[in-house]
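The values are calculated or read from the model by the stated rules, or taken from the named source; none is laboratory data. Note that the structure is predicted; figures quoted are calculated from it, not measured. Here the Cβ positions follow ideal geometry from the backbone for every residue, glycine too, while neighbour counts run over all protein chains shown.
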């Protein structure tokens, strides 16, 4: 028998959608993910401390926040499967979703698979990830460990410059590292960086190594022209080299924008396929916050509930 609603993804947006859908008696099934694309729980699973999610005045560990949201969804009857989606068929009804071990049919689907931060493939980056290294300045930049410290940002686009400028609110100095000798960012954004006395620009350089004890204590950079290795002490390193939306499993089943994010008919969560909705970072190249993702998860669940009711399927 086809499920009323299947939710693909288990980050803040997917779990919020599950809470709302379960309370509406839609008996949602959440396919959490496992190894491909975003891990179960999304990027919060690698975030050691979250201070900006409402309701936690003392802050909360990312994995704990996800665990609480999952328990809340389970309390209202949500079913979970920790598997990856291999393929989907949205051309016929009910919709079909295939994992490595089963085929699931559904009258409606919410896609909430998030986006994966692009990180440099270095052993030291993996070692210190979550221990001074992050991919979200607005999420982590205000943490006590970074205040009045030297912080480094890697990247050359608008996002990198925005993060560098944001970090100057808290850091004593921001090192902005770029592998080329000029930025890709807009001229207006570049001017803001060049005019900011707290930002030190390091062109023609790539990350060679991150070092430290329990937490990040500095970076070693290699000049791409001279080959010279330089040491820069810093307490944090933010990767601002882009995100990849986790949409590969769709196989072209939904309309995507030029960057690969799912197009939705704002302010709703509706996609180009009637009965398929999308929410969270897989639709959002701009904000990428846990709370904004959760908000769109609420929207997607309400949209799915109304659609199912309208079509006498709920």
Practice task
Could you tell me which residue of region 242-282 is nearest to residue 26 (Cα to Cα), considering only residues that are part of a helix (DSSP H, G or I) and touching a helix residue (DSSP H, G or I) at 6+ places or on another chain (Cβ under 7 Å)?
Solution key: 280
Fill in the blank from the handout: Residue count, region 69-86, condition farther than 25 Å from residue 100 by Cβ and in contact with a strand residue (DSSP E or B) (Cβ under 8 Å, 6 or more places away or on another chain), comes to 0
Problem - Residue within region 101-111 that is in contact with a strand residue (DSSP E or B) (Cβ under 7 Å, 6 or more places away or on another chain), at pLDDT 95 or above and in a loop (DSSP other than H, G, I, E, B) present - result: no
Completion exercise
Considering region 165-197, residues that are touching a helix residue (DSSP H, G or I) at 6+ places or on another chain (Cβ under 8 Å) and part of a helix (DSSP H, G or I), and then whichever is surrounded by the most Cβ atoms within 10 Å (Cβ to Cβ), we arrive at 167
Problem - Subset of region 281-313 (residues that are in contact with a strand residue (DSSP E or B) (Cβ under 9 Å, 6 or more places away or on another chain), crowded, with 19+ Cβ neighbours inside 10 Å and closer than 18 Å to residue 22 by Cα) - result: 296, 297, 299, 300, 301, 303, 304, 305, 307, 308
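When you scan region 202-229, how many residues do you find that are part of a strand (DSSP E or B) and within 21 Å of residue 133 (Cβ to Cβ)? Walk me through it before giving the result.
The initial filter retains those residues of region 202-229 that are part of a strand (DSSP E or B), namely 202, 205-212, 216-223, 229.
Still in the running and within 21 Å of residue 133 (Cβ to Cβ): 202, 205-212, 216-222, 229.
Counting residues in region 202-229 that are part of a strand (DSSP E or B) and within 21 Å of residue 133 (Cβ to Cβ) gives 17.
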Problem - residue 95 without any contact (Cβ under 8 Å) to a residue 60 or more places away in the chain and either more than 21 Å from the chain's Cα centre (by Cα) or surrounded by fewer than 21 Cβ atoms within 10 Å (Cβ to Cβ) (or both) - result: no
